[in-house]
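The values are calculated or read from the model by the stated rules, or taken from the named source; none is laboratory data. Every value quoted in this text rests on a predicted model; they were computed, and no experiment measured them. Here the Cβ positions follow ideal geometry from the backbone for every residue, glycine too, while neighbour counts run over all protein chains shown.
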Amino acid sequence: MQQPKAVAKHYLGGEFLLDLVSTVDFSHLLTEVGVKDPIVLNLAKLLKLFKVLRVRKLNIEIRNSTVTLDVKTYLKIFYVVLRILIYWHTVACLLWLVFQQQSVWWPAVDFAFYGLRDDKTFTEIYFRDATNQYLVLLYTAAINFSLVEIVPRTNFEILFVLSTMILSAIFNAIIFGEFAVLMDNIGRANTDF
């Protein structure tokens, strides 16, 4: 490292705050100082979601790479798919934080099995193992991403799902635009070949 002070100054002026907020376990710190409010603790846990913003550096690396146009295009397609998966994961985690507050939401997959169980319970989502809960919520996030109804029940759930559907519509428009450009680039690369 030739100029450590310049690197430190650049980092402190840019990515440092993001890295600090997304790395420190604020929910643990708040618990240690006596905070017991579950909403505050859940909001503190949400700060870790800022780690997702680090992925944007990948796009800069792809843009600045010296590979051919077709390789760069395929790397950008991978990047877009990765962003979709990260979006689904983020929405799934946020949905779980919202839905578990009152535990009245029913996953769409449980509608298909209603009345088939012996005990006639409607949903078991709140009692399943974490892997199954995550997969159901990831599926729900994918449904939400495609703007299909996911049946929120409380007013807060309705507002939250409406917000995520609006964001999903915007994200879909951006993704379709990016894919149109990428497909055009693939077409150009093939005609050059």
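For region 150-158, does any single residue satisfy the condition of being farther than 30 Å from Lys72 by Cα and among the basic types (Lys, Arg)?
yes
When you scan region 55-63, do you find a residue that is at pLDDT 85 or above, β-branched (Val, Ile, Thr) and within 30 Å of Trp96 (Cα to Cα), even just one?
Taking every residue of region 55-63 in turn, none turns out to be at pLDDT 85 or above, β-branched (Val, Ile, Thr) and within 30 Å of Trp96 (Cα to Cα).
Pick out the one residue from Leu85, Leu47 that is in the same structural domain as Asn172 (by TED's automatic domain parsing) and over 20 Å from Asp184 (Cβ atoms).
None of the other options fit; the residue is Leu85.
Considering only residues that are exposed (fewer than 13 other Cβ atoms within 10 Å of the Cβ) and in contact (Cβ under 8 Å) with a residue 12 or more places away in the chain, look in region 63-81 and name the one that is nearest to Thr164 (Cα to Cα).
Checking each candidate, the answer is Leu69.
Where in region 102-193 are there helices (runs of 4 or more DSSP H), lying fully within it, with 1 or more residues that are modelled with pLDDT under 80 and either surrounded by 15 or more Cβ atoms within 10 Å (Cβ to Cβ) or touching a Pro at 6+ places or on another chain (Cβ under 7 Å) (or both)?
Answer list for region 102-193: 108-111, 155-192.
Among the residues of region 1-53, write down those that are at positive phi and touching a residue at least 24 places away in the same chain (Cβ under 8 Å).
Residues satisfying the conditions do not exist here.
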